Amino acid sequence: MIEVEHLTKRYGRTVAVDDLSFSVRPGRVTGFLGPNGAGKSTTMRMILGLDRPTSGAVRIDGKPYRELDRPLTRVGALLDAKWVHPNRSARAHLRWMARTNRLPNRRVDEVLETVGLSGVADRRAGGFSLGMSQRLGIAAALLGDPEILMFDEPVNGLDPEGILWIRQIMQRLASEGRTVLVSSHLLSEMAQTAEELVVIGRGKLIRQCGTAQFVDEASGATIRVRSPQVERLRGALHQQGIEVRDEVVDESPTLVVVGTSSERVGEIAAAQGVVLHELSIQRGSLEQAFLQLTNEAVEYHAHNGATTGNEGTDR
Amino acid sequence: MTLLAVERIKLFSTRSPWWCMVVAVGLTVGFTALMSGFANEQGTVTVGFTQFSYQFGLMVLMVMAVLAVTTEYRFGTIRTTFQTAPNRAAVLTAKALLVAVLAGVVALVAAFLSFGVSDLLATNSDLSLSGADTWRNVAGTGLVAFFAAVLSVAVGILLRQSAAAVTVVLVWPLLVEPLVALIPRIGQDIQAWMPFVAAHQFLFGGQPDSAEAAMMMGMSEVPYGPWAGIAYFGAISVGLFVVALITASRRDA
């Protein structure tokens, strides 16, 4: 379990991570999604105690990372596959890591076997291809057999075979009941591996929800309803257990309905005698919608909470 | 102990420390052999004379100490290091200790080999390790190398870049300290309190040929004894190392 609480990181006047809070639960792959520069890597470095937060805290099973005893046995991480001395062999790299946490050398051979690097273990890591480096990084993450695993953009630059392998290993790790946090800037990639998503943009949390739900929303399986009797309709939809979000479109209050069909919404409206001005299905490509969310949602969120209904300045 | 073992694996699983150690011994002993060989034709060779070349080895060992930490920053393995062992002060202390002990041992080997080679070549002189002064002169190089390595690791931690840190540890003892004496009126007094001058005073102070040695280093007489010299040198290197530890623990890896 990783708990991130009000995490903020400033570099001079730039805010890389802005009051970010979320939690990562065990037994599933959680995707950490956001465009490049959204603050994913910075957040991951702060989780590992490498960078010091300007404010806020991260707890790993209730403790800050720096207070963990033998941290490799609790958290395994692959942040950058190039963090290896090029003239050191893969085996030597893993051996010193294992020794730091008093893990037996046997573990080194085991993880090399797991990632399929046994044959090249004594070659210098500087000569490895990106795919091999990535495997070595994953071997390092698995070394202490940790409950929590973190991978930063693990499929970046890999060939299809490598991508498939990474997906499989992450899903296997989660099915063993581990906590897996994987970052990516590609929603399509996350849609294939992650069950849950933490979406950030410009250092702020945009949403934490199930991947299916997020994809439904982002890929246009949402229904926009405009009505002069918004309040009654919202109540009726809520009673049916349908999720509803408020939005303001062209200065008129609008409901965005998720996870149901337009027919169903129409029927409910008719049953309640609610007049509809618009009932439309919103469609768009996955990536487009994601871009829109991450680029604009920060603004949108800021306005939404405070001024729904009485504003019409932008959008 | 675990951390020391880890640093040992790290250091010896790359090739450059081996080269540095071989070069350090080779340079020191080789240069001493040349000096003693030619000096033998002109007169007597003293114990102090056999150790004048210690600076060659020392510079190489300091470069080795700097690289032991800057390469970790260069290749990002410092992050892996801090990830596996979040207590940064402990890790860096283990690293400094290992490198310093190694530098000390290598310097000792070079010192005694230098003495032995001179003894063989200087047939006109009667070299012997008798008396505390001569022992300090030869064995003392180990202690000087130990503290010089700690100092170098500290510089490496603070600057994080190989080129910058190597420049500092070479230019400081070889150029800054000798040239500081050229400042009119106060130059000589300042120079007397430079760290490597103090280390030199520890090795050669209180000996018949200490003035000669001082001349070779282009330096002035110093107002303290040999043991005060090494205490001063040690205090500066440990002091700078503590500053480096505090800095490393506070900043982002």
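Just so it is clear, none of the values below were taken in a lab; they were calculated from the coordinates. Fair warning: this is a prediction, and the values are worked out from it, not measured in the lab. Positions of Cβ are backbone-derived with ideal geometry, glycine not excepted, and every protein chain shown enters the neighbour counts.
The charge dipole of region B:2-250, taken about its Cα centre with unit charges on the Cβ atoms of Lys, Arg (+1), Asp and Glu (-1) only, comes to about 1340 debye.
Here the dipole of chain A is about 1580 debye; that uses its Cα centre as origin and unit charges on the Cβ of Lys and Arg (positive) and Asp and Glu (negative). Straightening the chain between A:Val256 and A:Asp80 buys 59.4 nm, computed as 0.36 nm per residue apart minus the Cα-Cα spacing.
Report the paramagnetic label zone for A:Asp61: residues of region A:142-178 whose backbone N is under 18 Å from a point 7 Å from Cα along the Cα-to-Cβ axis. Backbone N within reach: A:142-151, A:173-178. Computed over chain B, the per-residue total of -39500 (n - 2.57) for DSSP H runs of n ≥ 4 gives a 222 nm mean residue ellipticity of -25500 deg cm²/dmol, rounded to 500.
Applying 1/(1 + (r/R0)^6) with R0 = 41 Å to the Cβ-Cβ distance of A:His6 and A:Gln239 gives a FRET efficiency near 0.70. Kirkwood hydrodynamic radius computed over region A:2-214 comes to 17.4 Å, based on all pairs of distinct alpha carbons. With a simple spin-label model that places each label point 7 Å from the Cα along the Cα-to-Cβ direction, the separation between A:Gln192 and A:Glu263 comes to 3.3 nm. Evaluating kT/(6 pi eta Rh) at 4 °C and 1.567 mPa s, with the Kirkwood radius of the protein assembly as shown over Cα pairs in the Stokes-Einstein relation, gives 46 µm² s⁻¹. Spin-label pair B:Val22-A:Asp109: with each label point 7 Å from Cα along the Cα-Cβ axis, the two points sit 3.1 nm from one another. With unit charges on the beta carbon (Lys/Arg positive, Asp/Glu negative), name the residue among A:Pro253, A:Ala121, A:Pro228 whose Cα is farthest towards the positive pole of the charge dipole of chain A. Working it through, the farthest residue towards the positive pole turns out to be A:Ala121. One way to sum up the overall shape of region B:74-204 is the equivalent ellipsoid from its Cα gyration tensor, whose semi-axes run 32, 23, 12 Å, largest first. The value given for chain B is a Kirkwood hydrodynamic radius of 18.8 Å, derived from the mean inverse Cα-Cα separation. Please compute, over every Cα-Cα pair in region B:10-134, the percentage with a separation greater than 25 angstrom. Tail fraction, whole percent: 39.
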